[in-house]
Every structure is written in C-alpha cells, then in structure tokens.
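Asks: Have a look at the structure that comes next, please.
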Amino acid sequence: MSGITFLKTEDLEQIISFYKEIIGMEEWVVQSGCTILKHGNMLLGFCQAPVSDIEVTLTFFYSDPKSVDSMHEILEDTADGPPSVNERYNIYNFFAVDPEGRTLEFQTFRHELPPYMDGEELLKGRRSVRHYLDITISQEVLDSVFDLCRYSPTSMNSQSYYFKVINHASTKSDLAAVRGTSSAPIDGAPLAVSICVDPKLTKRPMQDGCIAAYHFTLSAWLHGLGTCWIADMDRDSVKDMLGIDKDHHVATVTPLGYPADVPEIPERKPAEYFIKK
Ligand SMILES: Cc1cc2nc3c(=O)[nH]c(=O)nc-3n(C[C@H](O)[C@H](O)[C@H](O)COP(=O)(O)O)c2cc1C
C-alpha cells in the first residue's frame, strides 16, 4: 500500500520549483493543476487552488546528521537556528519554512528504525560507508537484517552461505589492520560481518558468497545500517582470526553500523554505456 499527501497552493509553479530546486525532491507525476513530488518514500502533491494549505509540518528525514547540516546550510535564512539534538524524541533536527509559510522540519533519528525505504531509494542510496556512529545495533535489528538475507539467490538453492558477526574490539582492530587504509573502516564500526560459504554445499561458492554479501549490504541499508565491501584481504589470516574452516570461502568482511556520514555518490556512467549493441 502507498499514499500521497495533497496540499493546496496559490502558486504551484513557485512551490514546485522550491521543493525541487531547494529541497531536492523529484517530480513523480505531473497532472493538470497538480504535481506530485517524491522524497524517498514521501509522496507530496501540490494542487493549484485559491487558498493555500499551510497549517502543516512537513518532516524530511535523512540517514545521517551530516545531511541535516547540509540542508541547514541551504536553508539558513529561514531556519529557527542550527540543528540540535532534541532529547525528548532522540532526533537531531532544525525547522525552517517554505515560501508560503509551511513549517518544514529536517531531521535524522538517533535511534533505530524499522525498514522504511522504497526500492529506488534503496538501490540508488546505498553507499559504501567508512565512518560510523557509536550506536549499538540491537539484536532485534540484526535478526531482521539476517532474516531478509535468506532471500538471496544461490546456485541450485544450495543456501551455502553463512555470516560471522565480529564484535570483539581486538579482533576488529586486527581485521582493520589487514589491508591498511582499505580495511581501516572496520575499526570504527560497532560490528564487522564476514560473509562465508561452505563449498561442500555448492558448486558455486564464489557466486553464492558475493550475491549473499551484496544482499546483506542492501538488507543492512534498508535498516539504516552502512557497510563497506573490503576486498583483497589475506583470506588465510582472516580465516585464522575468525576461526573459519580453511576450505571455506570468505566473500568479504564488512564493517556494520549506523553511518556517521554518507558519502556523496561517486560518479556513475550513463545507462547506455553498459548496454552493448
Ligand atoms: C569488489 C569490491 C571491492 C571493494 N574493496 C574496497 C576496499 O577494500 N575498501 C574500501 O574502502 N572500499 C571498497 N569497496 C567499495 C568501493 O570503493 C565502492 O563500492 C565504490 O567506490 C562505489 O561507491 P558506493 O559503494 O558508495 O556506490 C569495494 C567494492 C567492491 C564491489
């Protein structure tokens, strides 16, 4: 099920350009006299009318505090002050107004959330995260992340992969040191997770492992958690450290935690580039 909130506006053109150009919403559906905008899973419709609806608070939320700070830089002129922690709701937020006087709130939650993203936001928004907040990941959230991983495809439905969760600080530090700056993000995260495959269960351990690992990164992101694929580690020493059988395949070890900052998307080539005629 999905939904849209519609609001009346006296100046459709001005309000659409504000929400697109300043807030960064995207056009979803354009109808005669009404335009529906999208911000993640939020659908907001504006319709031309003699009197504007302004008695609302529109809250935009982000996955990290840095994104709230960026919005504050853009909206400083109408903001009620710099972003701050609201202890009551355990959020980091500030308020501003739109050109017709509607209250806008920009925030990030400082606590765990159930999954909320739509597919497009999940696939486009996932980033490799290298800096993490010092927030414990609850067992409930971890269980939910791993539950979705069960839907990863595997060769002949072998379900040959498994996860090892690493929470010992010294083991994480050892893993982080394995490949210098490339593996360093593991040290700053509350957990690391190794995605492994038992080759006795499958003829395709590499494929099963990589797909399960990517499935894990998407499931984690859906729960607001960042990951970062760490490659080219000396797998034998990683197996030694983690007590993994010598003949098992380690697809990757990734840090896992709530992002302290989500990097800008690195440049992506246009879709045509990837389709060979
Ligand atoms: C096979 C593979 C190996 C990677 N190895 C590392 C790594 O060792 N360290 C690291 O910080 N990031 C690593 N990354 C993350 C990439 O740098 C990242 O995916 C790429 O820059 C695109 O950014 P995005 O994931 O935010 O879209 C790796 C990614 C893949 C798929």
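Asks: Once phi is turned into ³J(HN,Hα) by the Karplus curve 6.51 cos²θ - 1.76 cosθ + 1.60 with θ = phi - 60°, what whole-Hz value does each residue of the range 64-79 show in order, with x for glycine and proline?
Replies: My calculation for the range 64-79 gives 8, x, 4, 5, 5, 4, 5, 5, 5, 4, 6, 10, 3, 4, 10, 6 Hz in order.
Asks: For the chain, what is the calculated [θ] at 222 nm in deg cm²/dmol (nearest 500), taking -39500 (n - 2.57) for each run of four or more DSSP H residues and dividing by its residue count?
Replies: Details: 7 runs with 69 residues, N = 277.
So the calculated ellipticity at 222 nm is -7500 deg cm²/dmol.
Asks: Another question about this same structure. Can you put 5, 217 in order of Cβ neighbours within 10 angstrom, beginning with the fewest? Write out the running numbers ahead of the final one.
Replies: Working: 5 13, 217 24.
By the 10 Å Cβ count, ascending: 5, 217.
Asks: On to the next question. Out of the range 67-138, which GluC sites (Glu not before Pro) are coil in DSSP terms and have no more than 14 other C-beta atoms within 10 Å?
Replies: The qualifying sites are 87.
Asks: According to the Cα gyration tensor, what semi-axes, each the square root of 5 times an eigenvalue, does the equivalent ellipsoid of the range 1-140 have, listed from largest to smallest in whole Å?
Replies: Gyration-tensor ellipsoid for the range 1-140: 28, 19, 13 Å.
Asks: If you don't mind, there's one more thing I want to ask. Using Cα pairs under 8 angstrom and six or more residues apart, how large is the relative contact order of the chain, in percent? Provide the component values of the computation, followed by the final result.
Replies: Values: 505 pairs, mean separation 48.5, N = 277.
Contact order relative to length: 17 percent.
Asks: About its Cα centre, how strong a charge dipole does the range 55-116 have in debye, to the nearest 20, once Lys and Arg get +1 and Asp and Glu get -1 at the Cβ?
Replies: For this selection, approximately 260 debye.
Asks: In Å and from the alpha-carbon atoms only, list the Rg and Dmax of the chain.
Replies: Cα-based Rg and Dmax for the chain come out at 22.1, 72 Å.
Asks: Fewest Cβ neighbours within 10 Å first, please rank 161, 214 accordingly.
Replies: 214, 161
Asks: Which order results if 129, 197 are arranged by neighbouring Cβ count within 10 Å, fewest first?
Replies: If I rank by nearby Cβ atoms, fewest first, I get 197, 129.
Asks: Provide the descending list of Cα extents for the range 119-257 along its principal axes, expressed in whole angstroms.
Replies: 39, 37, 25
Values in this text are rule-based calculations from the coordinates and carry no lab data. Every value quoted in this text rests on a predicted model; they were computed, and no experiment measured them. Cβ sites come from the backbone with ideal geometry, for glycine too, and all protein chains shown count toward neighbours.
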